[in-house]
1. Per DSSP H run of n ≥ 4, the term is -39500 (n - 2.57); total these for the chain, divide by its residue number, and report the mean residue ellipticity at 222 nm rounded to 500 deg cm²/dmol.
2. Where does the Debye-calculated log10 I(q)/I(0) of region 127-215 sit at q = 0.18, 0.22 Å⁻¹, using only Cα point scatterers of equal weight, no solvent?
3. Mind pulling the angle between the C-alpha long axis of helix 217-246 and the longest principal axis of the chain? Nearest 10 degrees, somewhere in 0 to 90.
4. Might you report the magnitude of the Cβ-based charge dipole of region 89-171 about its Cα centre, with Lys and Arg at +1 and Asp and Glu at -1, to the nearest 20 debye?
5. Among MET185, MET213, MET207, rank each residue by its count of other Cβ atoms within 10 Å, from fewest to most, as a rough exposure measure.
6. State the answer as a single residue: which of GLY205, GLN219, ALA112 lies farthest towards the positive end of the charge dipole of region 36-246, with beta carbon charges of +1 for Lys and Arg and -1 for Asp and Glu, about the Cα centre.
7. Could I have the simple spin-label model distance between VAL111 and PHE35, label points 7 Å from Cα toward Cβ, reported in nm to one decimal?
8. Picking from SER58, SER156, SER122, which is most flexible by a Gaussian network model of the chain using Cα springs under 10 Å?
Amino acid sequence: MGAAARSVGIYLIGFASLFVIWHIASTWWLSSVLFPTPWKVILKAIELAEDGTLWEQSSASLARIGTGFVGGTVLGIPLGLAIGFFPLVRKLLEPYTEFLRFIPATALITVAVIWFGIGEGSKIFLIIYTTIFIVIINTAAGVTAVAPNKIRAARSLGANPAQVFFFVAFPATVPYILTGMRLAMANSFVTIIAAELVAANNGLGRMIWDSRMYMLVDQIFVALLVLGLLGFTADRLFRWGIYAFAGRFSPVT
């Protein structure tokens, strides 16, 4: 059996064990009304998928995450490269980055609604805010972690600063960039649910809020499972990318 097959087998065993523990807890320890069984949640998920509700709510949340995540990444990568590669830029921008990154996006939900309303703008702004600082910090760390001997070797072979940047520093920074994107993606899921709970007409967060009002606990668990599966899938893709680049350029774990 290959390594990939073994990994898949371990994942399946882990998920199966989770569902067994879940079933035992919901039938023996807790009330099945407040903590529905896995089978009840699966049946509810099928029902929501068939009537289109699940796809509609999931796609709304994913669209917001995707738009904000791409925006934050596109802004964060060049800023992180500049901060890591140019000392003057680091001195100018690093204090602002360190200050703003300690203000969580969830604390800005009210401000975002005041600025952009309850439409898509406020949610996308919050995802960009969540993403950009994590990407900046990891990208800058990747640039500063480039082995000095690689830069010296490139310069000794006649490389100019631009060539050193594009052919030495940037490739070695890619695993760090992907790590920052991976962390930012996880935070994006947290932020979008909080934002949709407060101000949204659709999305998984709104689905959870509406289900709470009508005590549809099984529907809440469906939304939670979908969030977990979507996040797990995104995380595996980033992890694969990190390992692919780390094995070639830099020992990032």
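1. -26500 deg cm²/dmol
2. -0.79, -0.96
3. Once rounded, one gets 20 degrees.
4. Value, rounded to 20: 380 debye.
5. Sorted ascending by nearby Cβ count, the order is MET213, MET185, MET207.
6. Most positive-ward Cα: ALA112.
7. It is 3.9 nm.
8. SER156
Bear in mind these aren't lab numbers, they're just calculated from the coordinates by the rules spelled out. Every value quoted in this text rests on a predicted model; they were computed, and no experiment measured them. Virtual Cβ from ideal backbone geometry, glycine too; neighbours counted across all protein chains shown.
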